[in-house]
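Every number in this text was worked out from the coordinates using simple rules, so none of it is lab data. As the structure is a computational prediction, the values presented were derived from the model and not from experiment. Cβ placement follows ideal geometry from the backbone for every residue including glycine, while neighbour counts extend to all protein chains displayed.
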Amino acid sequence: MTQPQSTDIISLTMKLLIYSKALYSSWVYYSADRILFDAGEGASSILGNKAFAIRRIFLSHGHADHIAGLVCLINIRNNGMGDKEKELTVYYPKSNYLISEMINFISRTNRRLSYSLEWVPLEAGDRIQLITGQLPRYIEAFPTVHVPSETSLGYNVVEVRHRLKPEFAGASQKDIIAVIKERGREAISETYDQRLFSYGGDSVQIKPAYVQGTEILCHDTTFLAEEDRKEYKHATLAEAIATARLAGVKKELICFHISSRYKDKVKEIVAASGRYDGLDFKVTLVPPGRVFSVD
Ligand SMILES: [Zn+2]
Ligand SMILES: [Zn+2]
């Protein structure tokens, strides 16, 4: 885990690149599938050339701190130095008024884009295929609760994996080969869905069932202390940890969207990362206002 100061030193192996400061700007670049989750202000200027690598954008909701970067990102892919013909698809919660207005603005002010730009409304439960083949991956949208006027969604990146059926667990290699010869490979293996990454966007505490068994959970942690929260529309650190524990997060809880009131505590925030005893996963706090990468 490193905290690069500029795009020049962003690790090539990074899995996630995150910028998040509550109310100002939030976005998460998931490199494996070239996905940008939310597009807060500054996303394209910080991502630099990586802005051309993005294939899909998934928006959690329409607040300015999550969509303001779309204008520049869509523009730079049309005018900057890079592959100007790469398609881009933006997925967003259906019937979201603020995002619909943004789509109108962008459509009217970008009538001659060099690439294909598609807007796709989604509802909770919808699935988007990312890749096919041996280990297919897809995105599933799940409901979150933020403010009554904003339809909002979270997203899981899911991989379809194969495993030996439980009834063959003790079988010898020879017996397994015999079954395959007789009945085919499907007879011995079954598929299961593994959630690799879950992005919650802005939300009160996420229902654990929606992110059950995920490897990495990115959860709203606007407030480090319950007494700082005046309105019930974001989550606290204790709630993020509670959801991660109940969901059986396998690797890491990434606490993002931290309020800038805690910015002077950045060193403490980073030092606190990972230091929670009795948890089966690592806890990482994303310092507000800093580019942060997770390898
Ligand atoms: Zn926000
Ligand atoms: Zn919001």
* Asked: How large are Rg and Dmax for region 181-265 when only the alpha carbon atoms are used, in Å?
  -> 17.7, 66
* Cβ-Cβ FRET estimate between Ala171 and Asp280, R0 fixed at 30 Å, reported to 0.05 -> 0.45
* Rg(Cα)/(2.2 N^0.38 Å) for region 225-295, N = residue count -> 1.11
* Asked: What value, in deg cm²/dmol to 500, does the helix sum -39500 (n - 2.57) over DSSP H runs of n ≥ 4 give at 222 nm once divided by the residues of the chain?
  -> -6000 deg cm²/dmol
* Asked: Dipole magnitude of the chain about its Cα centre, charges +1 at Lys/Arg Cβ and -1 at Asp/Glu Cβ only, in debye to the nearest 20?
  -> 580 debye
* Structure fact -> For region 15-102, the Cα convex hull volume per residue in Å³ comes to 85 Å³
* Could I have the simple spin-label model distance between Glu87 and Arg185, label points 7 Å from Cα toward Cβ, reported in nm to one decimal? => 2.8 nm
* In nm, to one decimal, how far is the modelled label at Ala238 from the one at Lys250, with both set 7 Å along Cα→Cβ? -> 3.1 nm
* Asked: Which semi-axes, in whole Å and largest first, does the equivalent ellipsoid of the chain have when worked out from the alpha carbon gyration tensor as the square roots of 5 times its eigenvalues?
  -> 33, 26, 19
* Asked: Roughly how many debye, to the nearest 20, is the charge dipole of region 162-272 about its Cα centre, given +1 on each Lys and Arg Cβ, -1 on each Asp and Glu Cβ, and no other charges?
  -> 260 debye
* Low-density loop positions, trypsin sites (Lys or Arg not before Pro), region 205-289 - DSSP coil, at most 12 other Cβ in 10 Å -> Lys230, Arg275
* To do: Measure off 7 Å from each Cα along the Cα-to-Cβ vector at Ser260 and Lys94, then give the distance between these two points in nanometres to one decimal.
  => 3.6 nm
* **GluC sites (Glu not before Pro) within region 101-208: DSSP coil, no more than 16 neighbouring Cβ in 10 Å** => Glu123
* Along region 281-289, what does the Karplus equation 6.51 cos²θ - 1.76 cosθ + 1.60 (θ = phi - 60°) give for ³J(HN,Hα), rounded to whole Hz, x for Gly and Pro? -> 10, 7, 10, 10, 9, 8, x, x, x
* **Extension gain, Leu23 back to Arg161 (0.36 nm per residue minus Cα-Cα distance, nm)** => 45.9 nm
* Between Val157, Phe142, Ile131, whose Cα lies farthest towards the positive end of the dipole of region 100-180 when Lys and Arg beta carbons carry +1 and Asp and Glu beta carbons carry -1, centred on the Cα centre? -> Ile131
* **Qualifying chymotrypsin sites (Phe, Trp or Tyr not before Pro) for region 186-295 [loop in DSSP, other Cβ within 10 Å: at most 11]** => Tyr232
* To do: Starting from the exponent 0.38 and prefactor 2.2 Å, build the expected Rg for region 140-281 from its residue count and divide its actual Cα Rg by it.
  => 1.41
* Under 1.5 on a/c is rounded, so check that first for region 64-172, then, if it is not, pick prolate when a/b is larger than b/c and oblate when it is not; a ≥ b ≥ c are the square roots of the alpha carbon gyration tensor eigenvalues. => oblate
